[in-house]
Amino acid sequence: MKPVEYWEECLASAFDEHGVSATPEQIKAIAEDVKVSHENYGMAFYSPPAGEHLRRELDEANRKLRAEREKVRCRECNGRGRIITPGPYHSSDMGCWKCHGEGRHAP
């Protein structure tokens, strides 16, 4: 199927659905105009190239990975993410204030 044939079919269907009468020659001429308009759509409304979104996601993922790799083991909680203080009369178990419970933090 040629692109203009697709637009002819779309227009014929739309005209029929909305009660618009047009000759096959008129539909063909309008379909050609719509095809040209569709080809120039990108000039009127910017759309980034197909790989642009993927490239942005990959850059963000690489940035997060690099930040994660740079993290060091937390000395406050010894990498457990929790600070546990045992005692005969009082004990505590709380999340580490330095690493926020992750066991690792940025240097």
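Looking at residue 78, is it closer than 30 Å to residue 107 by Cα, modelled with pLDDT of 95 or more and not small (Gly, Ala, Ser)?
no
Find the helices (runs of 4 or more DSSP H) located wholly in the chain whose residues include 2 or more that are surrounded by 11 or more Cβ atoms within 10 Å (Cβ to Cβ) and over 34 Å from the mean Cα position of the chain (by Cα), and list them.
Per the criteria, 3-18, 24-39.
Anything in region 39-80 that is within 30 Å of residue 93 (Cβ to Cβ) and in contact with a Pro (Cβ under 9 Å, 6 or more places away or on another chain)? List them, or say none.
If the condition is that a residue be within 30 Å of residue 93 (Cβ to Cβ) and in contact with a Pro (Cβ under 9 Å, 6 or more places away or on another chain), then 70, 71, 72 are the ones that fit.
I need the full set of residues from region 11-30 which are of a type in the set (A, V, I, L, M, F, W, C) and touching a residue at least 12 places away in the same chain (Cβ under 8 Å), in order please.
Listed by number, the residues that qualify are 11, 12, 15, 27, 30.
The values are calculated or read from the model by the stated rules, or taken from the named source; none is laboratory data. What you see is a predicted model, and the numbers here were worked out from it, not measured in a lab. We place every Cβ from the backbone using ideal geometry, glycine too, and count neighbours over all the protein chains shown.
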